[in-house]
Every structure is written in structure tokens, then in C-alpha cells.
1. DSSP loop (so not H, G, I, E, B), at most 13 other Cβ within 10 Å: list which chymotrypsin sites (Phe, Trp or Tyr not before Pro) in the stretch 197-234 pass both filters.
2. Treat each spin label as a single point 7 Å out from the Cα along the C-beta direction, and report the Asn213 to Met236 distance in nm.
3. Match the structure shown to one of the listed values [x] 38, 20, 17; [y] 38, 26, 19; [z] 42, 21, 16 of semi-axes √(5λ) of the Cα gyration tensor in Å, computed from it, and give that label.
4. Take the solvent-accessible surface of the protein heavy atoms, probe 1.4 Å, and return the percent of it on the chain that carbon and sulfur atoms account for.
5. Picking from Ser205, Ser228, Ser169, which is most flexible by a Gaussian network model of the chain using Cα springs under 10 Å?
6. Using the heavy atoms of the protein chains alone and a 1.4 angstrom probe, what is the accessible area of the chain per residue in square angstrom?
7. Tell me, what is the percent relative contact order of the chain, built from C-alpha pairs under 8 Å that lie six or more residues apart?
8. For the stretch 87-235, calculate the relative contact order in percent as a whole number, restricting contacts to Cα pairs under 8 Å that are 6 or more residues apart.
Amino acid sequence: MKTTTKAYISFLFICIVWGTTYLALRIGVLHYPPFLFAGVRQVISGIILSGIALMIYKKADWSWNNLLQQLVVGILLITMGNGLVTWAEKTIPSGIAALICSMMPIFAVLINLATNGERLNIFIVLGMLLGFGGVALIFQNNIAELGNRSYLVGIGTLFIATFSWAVGSMMNKKRANKVNPIFNSGLQLLFGGIVMLFISPVADSYEHIDWMNKEGLLALAYLIVFGSVLAFAAYMYALKELPVGLVTSYAYVNPLVAVILGYLILNETLNWFTALAFVSIICGVYVVNMGYRRQHKLKMAAEQKQEAAEVKHETPKVKELAN
């Protein structure tokens, strides 16, 4: 099989599998405490991924600076990102959770603009309106739940988790350690999972748990093997062989997979409001990304023009000195 074919199969794999994780999380938290469930999943996944990375690359950065970096990113991505999504799915349907989490790129762009002191352009504003309009459609579709405090807390928690994932992703990219990045990702899973295990006794209820529940254990095994280890390996391989823009488009497919599976397996609501919310949010993410890329290109062109002008201005001075 050709390398490109394998890469496209890997891409298709992550499009489907990462979309199914919302369903698996929902099934898992119906049987086990959320932070305990997510913590066990990520600790085991982190040990497996780190072990594989060490066996393959035979090297790792064990410095305190790197360990602290992976701890902070692990808390942002895994403890707050994945952990809070898992907790929220006790009260929020998996499809709705996936739709809200798909807004992560919008948060990432807004954080980038705020930290760089840049202004919003018309495309970014339009994309934000489309994205949050999609969320409004979700509320319209579940208007009876607006009086349910647990539902509203779950929705708010999903927004916090999505924001945290955006911050962690940006920090991970800006301060990336090139010494065995797969090992570092394993550390993030491990550290984030350990923190969740410490949170669990405080935040979780251990009453009436069927520890050997078949559905819950299958969901846990699926998330470890497919959702974490295999999907991450497929993502890294696809990223190596295919354009970044294509590979990251998995984020547009995952919510669709989650919504359809939630409807088919858990009888979650699927109607015109759900479909419109999906289209509105995905279009919003696309338009925001397009607006940010356009603004970034204009900024780069302006900087290059300024540098060229400065060089041109300095040239006569050099000539005078030479004479």
C-alpha cells in the first residue's frame, strides 16, 4: 500500500474515531464517576504512549523545565479540557457536547488576536456570529432544559473546557519541545490524568457503582485503545504525510459523527434545529479561520513592506560611509 493511501486511511480513521469518543464518554459516565473514569483512561493511555515513544526513539527530555511544561499543558488540555467535558456529559447529550467543543478554533483565534493586539476583521466577526448563533439554536432546540440548573452548569462547563483546550493547544505549540514530542504528549496524558484522580474523591460520588459494568468497561477500553493511542498515532502519521490544513479539517467531521451516533445509539434529539446548529457552528469556525489567515497574510505583507522600506532607507547611508 502506498504511503499516501495509508495517510488518507489514517485521516479517515481520526475523523470517525475522534467523533465517536463523545458517545463513549457519555456511556462511560452513565456508569462511573466522571473524573475517575477520565483519570483512569488518561493515566493508562499516557503510560502506553510514553512507553511506545521511548521504545521507538530511545530518548526523552527529563529536565525539570520540560516536566513542568508538560504538567501545565496536561492540566489545561487533559484535566480541564477532557476532564470537564467528561464531567459535563453526565447532564449534556454527547452530540451537543461535540457541537460546543467544535468551537475551539474560534476561541484560539480570539486568544491569538487578544494577545497580539490585533483587531477583528469582518470575516472573524461574521464567523463568531455564526458560531454563537449555532449555540443559540442548540438552546432553542432544548428550551425546556433552560430551567434545569444542572443542564446550564454543564453547558457553561463545556465552554470553560473548550477555552482551556484552546489555551493549552496554543501554549503547547509555542513552547514545543522537539525532543521526542510523542513522549511529551504521553506525559501530558499521564499528568493530566493523575490530577483528575486527585480531584475525583472531592468532585465525584462513589455511591451505587457497578465496578464491573460491561458497557462502562468497554467504553473505557475503547477510549484508551482507539480514542487515545491508535487515533493519536494515526493523527501524527497523517500530519507527517498530508497537508496540515487537510488533516486539521477532522474537526469539521467529528461533530457530525457524534451527533449521528448519539441519535442512533442513545436516542438523543436530532431534528432541524440540531442540523442548523451544526451547519452554523461549522461554517462559523471556517469563516473565522479564513478571516484570521487573511489578516495574518496582510500583517506579514505589511511587515515585509516595512522591512524593505527600512533597507532602502539605510542604503544611502551605507554609500555615504563608503565614500
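The values are calculated or read from the model by the stated rules, or taken from the named source; none is laboratory data. Every value quoted in this text rests on a predicted model; they were computed, and no experiment measured them. As a convention, Cβ positions derive from the backbone with ideal geometry for all residues, glycine included, and neighbour counts pool all protein chains shown. Heads up: the accessible areas ignore ligands, DNA and RNA and are worked out on the full protein's heavy atoms, side chains in. Shrake-Rupley method; radii C 1.70, N 1.55, O 1.52, S 1.80 Å.
1. Working: sites: Phe198, Tyr206, Trp211, Tyr222, Phe226, Phe232; in loops: Tyr206, Trp211.
The qualifying sites are Tyr206, Trp211.
2. 3.3 nm
3. Recomputing semi-axes √(5λ) of the Cα gyration tensor in Å here gives the entry labelled [y].
4. Working: 11840 of 17370 Å².
Heavy-atom surface of the chain belonging to carbon and sulfur, 1.4 Å probe: 68 percent.
5. Among Ser205, Ser228, Ser169, the largest GNM mean-square fluctuation belongs to Ser205.
6. Details: 17370 Å² over 323 residues.
Each residue of the chain exposes 54 Å² on average to a 1.4 Å probe.
7. Values: 428 pairs, mean separation 133.3, N = 323.
The normalised contact order for the chain reaches 41 percent.
8. Values: 49 pairs, mean separation 48.6, N = 149.
Here the relative contact order equals 33 percent.
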